[in-house]
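The values are calculated or read from the model by the stated rules, or taken from the named source; none is laboratory data. Every value quoted in this text rests on a predicted model; they were computed, and no experiment measured them. Methodologically, a virtual Cβ is constructed for each residue, glycine included, from the backbone with ideal geometry; neighbour enumeration extends over all protein chains shown.
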Amino acid sequence: MRPARRECKSMSTTRPFSSNGTKTLPMLPPLAPAFRRVAWLLAGTALVPLMPAFPAHAQDAAGPVLQLPAVDVSARRPLPGTESRRFTPEAGSAATKTDTPVLETPQSVSTITREQLDSRNVQSLQEALSYSAGVRVNTFGFSPRFDDFVIRGFDAVYTGLFRDGLRQAANSFAIFRTEPYGLSAVNVLRGPSSALYGPSTAGGLVNIVTKRPTDTPFGELELQYGTHDRKQAQFDLGGPLGEDGHFAYRLTGLVRDADTQNDSVPDNRLYIAPAFTWRADDRTTLTLLGAYQKDSTGGTVTSHYDPLIGMTRLNSGDPAYNDMNVEHWRLGYELAHQVNDALTLRQNLRFGHVDTDLEYSYIYGISPDGRSALRGAGVRRQQLNTLAVDNQAEWRFGTGPVSHQVMFGLDYLYSSFRSSGGDATDFPSLDLATLNYGTQPYSDPAITLRTAQRQDQLGLYLQDQMRLDNWILTLSGRHDWVETTTRNRAAGSKDTQSDSAWSGRAGLTYVFNNGIAPYVSASSSFIPALGTNSEDGSAYKPITAQQYEAGIKFQPPGRNSLVTASVFHITQQNGIFGDPVSFGFTGQRGEVRSRGFEVEGVADLGRGLKLLASYTYLDAKVTEAEDNTEGQVPSGQPRHLISGWGDYTVTEGPLRGLGFGLGARHIGSSYIDDDNSGGKAKAVTLLDAAIRYDLDAVAPALRGMRVAVNATNLTDKDYYTCAQSYCYWGTGQTVIGSLRYRW
């Protein structure tokens, strides 16, 4: 668990400016000697897959001639960028990094397809995950600042978000935000997944998949208007370039100007994401992926919470000093070369940068006479640079009756974080009679916090998927080496910590011919977390976890449906927690156990009917701790989560093109604090809905045009969520109308 974000008071930052005030570009600092050699090795391998794509010069005629066996080059494969227009996924690479059927994967995995995202008009990653088994979103209530989600009882914001198979590093408020319109799918891997992905949270991870170029030309333009004067325009264009099929492009963009349910908190965004694919030949493909995003919202987005009287409608932040501006970009590539029918080489690389400028104010108490609210404020300037690269070699071969699909990989992750800031409790008091928000000037607090942290992580992994008749045995093993250097620039101190760990996964699956596939697995995880212990300033110890899981999957042959049920038991050591009494204090807890049961089903039933449903039972407990939380249930974690979404489109008759969607989300009660002394936040059931109409049913000239209205929390139910002794209002009713033209 991570510290509650009650008043944005943790960690720190620096602006990307040089001493003369001019803006500087982010630069990678020199690597340590050992890691420098590895980085050159990883970067150099990018040339290897391309070499076989070009003809070699013939040998001298006088020399011997080497006769190579003939290679049967198959027909040109389609580009992988086309999004599924179904609710039900077919195959995926998230759990194995190979193209593996869902039934053969010995792990509980969900895929949220593009069709699901469009059906619900998803506006954030939290909304995308809100119908997935095992996932708890919005633990900290309404907040457009972060992609906030928990998997199987363990926080996954900082160590559980991956993009295109590469980890998106994050630290403090320097976090890459996700624009769901730029995604083709969202994969949820439940349970420890370090054996392939390296450092990641005990509960699992979310891998978001970026939109890519396609072989088919297309275009889409959409305008939206909704609650709180939400105005949004978005477009998506792509297709082949030229007639030879070697080049393709895609360009996705969005601009939004919006207020929110908090009067002083906007939700503005600019997003542009170009993508380009070069297919050098039938066996070699290079795809470039880039994006730029700028978000403007509030530093404090909550209302004041008083432990004695509960939730209030008193905005904690003041618009005079309450801004959070985040600018980030990423650039990378995916390179794949099929050497022959048995061997494929791949390299994925991405560089990213986040620049966060945060000013926040907050209420920390009420004056003795009850006439004013006492307030404080803080400032953070933060930068994060990351470089991630993953090299893979996939080899298919047989040993007698056993077929093998072997994946060998070497990856490297670099993260550099700088932070500066300060906090003060002398922000002008709020007059509770006049509510004089925004009328009192205030200057930045003195800068007292200056920290820097760098982390280099190198991982070597091996996986073998062995098949004998209907049996599939999956064995994965990995070793990570991590070096973390933490500098307190204000105190002039430096701390270096080196960590290494093994992680693994073993899974056995039997696939019956009728589409039933039971499985068992054991896996582990390892996280050398970025951050420092607030008590003594030392770097965190690695977080480790182990899981045992058993489940069954059912995918009827010839049917577009999938049902997965699983039971699991996870034990995590050295988890991070926050102290609710001391602002910004974080430490590590001995052991947390999480066990439970999940079931999830998705189906495309035909004739326009699609269904999605899930249920989660979670039993979490702190089993070892040095404080009064031992034996208690971690706060903010409900025991029951239930969700269901149904979608129906009329496919014939006078109402052809008319579609409806209706969903419900039940969130069970959960404890307010980690020692369970403050009671529980009540359970709540929220309704979502959608209605749409394809206008070509009225006039063929309007083919491709669609109008729609989507609503979340349809009944505008008031509710709050709580974690680590603080509570937050949930997201209220949101209604968005849209007009889309697709060609």
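Note on the stretch 225-275: residues that are surrounded by fewer than 19 Cβ atoms within 10 Å (Cβ to Cβ) and farther than 22 Å from Gly141 by Cα total 19.
For Ala517, state whether it is modelled with pLDDT of 90 or more, assigned to a strand (DSSP E or B), under 21 Å from Pro101 (Cα atoms) and not polar (S, T, N, Q).
Numbers: modelled with pLDDT of 90 or more: yes; assigned to a strand (DSSP E or B): yes; under 21 Å from Pro101 (Cα atoms): yes; not polar (S, T, N, Q): yes.
When the stated conditions are applied, Ala517 passes them.
The residues of the stretch 624-641 that are on the phi < 0 side of the Ramachandran plot, crowded, with 17+ Cβ neighbours inside 10 Å and not aliphatic (A, V, I, L, M), listed by number, are Thr629, Gln632, Pro634, Ser635, Gln637, Pro638. Within the stretch 360-386, the residues that satisfy the criterion of being within 14 Å of Leu430 (Cα to Cα) and touching a residue at least 60 places away in the same chain (Cβ under 8 Å) are Ser361, Tyr362, Ile363, Tyr364, Ile366, Ser367, Gly370, Arg371, Ser372, Ala373, Gly376, Ala377. A search for C-beta distances below 9 Å between a residue of the stretch 229-243 that is more than 28 Å from Arg279 (Cβ to Cβ) and among the hydrophobic types (A, V, I, L, M, F, W, C) and any residue that is at pLDDT 95 or above and part of a strand (DSSP E or B), counting only pairs 6+ apart in sequence or on different chains, returns Ala233/Leu221; Ala233/Glu222; Ala233/Leu223; Ala233/Gln224; Ala233/Gly253; Ala233/Leu254; Ala233/Val255; Ala233/Arg256.
Restrict the check to the stretch 240-254 and report whether at least one residue is hydroxyl-bearing (Ser, Thr, Tyr), more than 17 Å from Val326 (Cα to Cα) and either out of contact with any strand residue (DSSP E or B) (no Cβ under 9 Å at 6 or more places or on another chain) or in a strand (DSSP E or B) (or both). Spell out the reasoning first.
Going through the stretch 240-254, the residues hydroxyl-bearing (Ser, Thr, Tyr) turn out to be 249, 252.
Next, only the ones that are more than 17 Å from Val326 (Cα to Cα) stay: 249, 252.
Subset that is either out of contact with any strand residue (DSSP E or B) (no Cβ under 9 Å at 6 or more places or on another chain) or in a strand (DSSP E or B) (or both): 249, 252.
Yes, because at least one residue in the stretch 240-254 is hydroxyl-bearing (Ser, Thr, Tyr), more than 17 Å from Val326 (Cα to Cα) and either out of contact with any strand residue (DSSP E or B) (no Cβ under 9 Å at 6 or more places or on another chain) or in a strand (DSSP E or B) (or both).
Starting from residues that are in contact with a helix residue (DSSP H, G or I) (Cβ under 8 Å, 6 or more places away or on another chain) and assigned to a strand (DSSP E or B), keep the ones in the stretch 414-462 and report whichever is nearest to Gly317 (Cα to Cα). Reasoning before the result, please.
Of the stretch 414-462, the ones in contact with a helix residue (DSSP H, G or I) (Cβ under 8 Å, 6 or more places away or on another chain) are 414, 427, 437-442, 456, 458, 461.
So of that shortlist, the ones also assigned to a strand (DSSP E or B) come out as 414, 427, 456, 458, 461.
Details: Tyr414: 35, Phe427: 11, Asp456: 37, Leu458: 42, Tyr461: 47 Å.
Checking each candidate, the answer is Phe427.
Beta carbons closer than 8 Å, at least 6 apart along the sequence or on distinct chains, pair a first residue in the stretch 451-480 that is modelled with pLDDT under 95 with a second that is surrounded by fewer than 19 Cβ atoms within 10 Å (Cβ to Cβ) and hydroxyl-bearing (Ser, Thr, Tyr) for Gln453/Thr485; Arg454/Thr485; Gln455/Thr485. Among the residues of the stretch 149-161, are any within 11 Å of the chain's Cα centre (by Cα), without any contact (Cβ under 8 Å) to a residue 60 or more places away in the chain, surrounded by 23 or more Cβ atoms within 10 Å (Cβ to Cβ) and closer than 20 Å to Gly298 by Cα? Yes, the stretch 149-161 contains at least one residue that is within 11 Å of the chain's Cα centre (by Cα), without any contact (Cβ under 8 Å) to a residue 60 or more places away in the chain, surrounded by 23 or more Cβ atoms within 10 Å (Cβ to Cβ) and closer than 20 Å to Gly298 by Cα.
Could you please give the count of residues in the stretch 152-169 that are of a type in the set (A, V, I, L, M) and out of contact with any Ser or Thr (no Cβ under 7 Å at 6 or more places or on another chain)?
Summing the residues that are of a type in the set (A, V, I, L, M) and out of contact with any Ser or Thr (no Cβ under 7 Å at 6 or more places or on another chain) in the stretch 152-169 gives 3.
For beta carbons closer than 6 Å, sequence separation of 6+ or different chains, a first residue in the stretch 390-401 that is closer than 30 Å to Arg350 by Cα and a second that is charged (D, E, K, R) and part of a strand (DSSP E or B), the qualifying pairs are Asp390/Asp411; Gln392/Arg346.
Considering each of Gly661, Gly644, Gly601 in turn, give the residue that is at pLDDT 95 or above, in contact with a helix residue (DSSP H, G or I) (Cβ under 6 Å, 6 or more places away or on another chain) and crowded, with 16+ Cβ neighbours inside 10 Å. Before you say what the answer is, go through the steps one by one.
Details: Gly644 fails: in contact with a helix residue (DSSP H, G or I) (Cβ under 6 Å, 6 or more places away or on another chain); Gly601 fails: in contact with a helix residue (DSSP H, G or I) (Cβ under 6 Å, 6 or more places away or on another chain).
Answer to the check: Gly661.
When the stretch 345-362 is filtered for residues that are touching an Asp or Glu at 6+ places or on another chain (Cβ under 9 Å) and closer than 30 Å to Thr284 by Cα, the ones remaining, listed by number, are Leu345, Arg346, Gln347, Asn348, Leu349, Arg350, His353. Considering only residues in the stretch 681-717 that are at negative phi and among the acidic types (Asp, Glu), the one that is modelled with the lowest pLDDT turns out to be Asp696. Might you let me know whether the stretch 721-729 holds any residue that is surrounded by fewer than 20 Cβ atoms within 10 Å (Cβ to Cβ) and in a strand (DSSP E or B)? The answer is no; no qualifying residue exists. The lone criterion from (1) assigned to a strand (DSSP E or B); (2) at pLDDT 95 or above; (3) not polar (S, T, N, Q) left unmet by Phe512 is number (1).
Of the candidates Thr496, Thr474, Thr509, Thr484, the single residue that is exposed (fewer than 15 other Cβ atoms within 10 Å of the Cβ) and among the polar types (S, T, N, Q) is Thr496. Being among the aromatic types (Phe, Trp, Tyr) and farther than 19 Å from Phe597 by Cα is the filter here, so list the residues in the stretch 138-165 that pass it. Within the stretch 138-165, Phe140, Phe142, Phe146, Tyr158, Phe162 qualify.
Any idea which residue in the stretch 364-377 is farthest from Cys727 (Cα to Cα), counting only those that are assigned to a strand (DSSP E or B) and at pLDDT below 95?
First, the residues of the stretch 364-377 that are assigned to a strand (DSSP E or B): 364-366, 372-377.
Applying the additional criterion that residues be at pLDDT below 95 yields 364-366.
Numbers: Tyr364: 14, Gly365: 15, Ile366: 17 Å.
Ranking the candidates gives Ile366 first.
Considered as a group, the residues in the stretch 285-339 that are of a type in the set (Phe, Trp, Tyr) and assigned to a strand (DSSP E or B) include one that is farthest from the chain's Cα centre (by Cα), and that residue is Tyr305.
Restricting to the stretch 163-186, what's the tally of residues that are part of a strand (DSSP E or B), surrounded by 22 or more Cβ atoms within 10 Å (Cβ to Cβ) and not aliphatic (A, V, I, L, M)? Adding up the residues that qualify gives 3.
State yes or no: is Val389 in contact with a Phe, Trp or Tyr (Cβ under 6 Å, 6 or more places away or on another chain), of a type in the set (Val, Ile, Thr), modelled with pLDDT of 95 or more and in a strand (DSSP E or B)? Spelling it out, Val389 is indeed in contact with a Phe, Trp or Tyr (Cβ under 6 Å, 6 or more places away or on another chain), of a type in the set (Val, Ile, Thr), modelled with pLDDT of 95 or more and in a strand (DSSP E or B).
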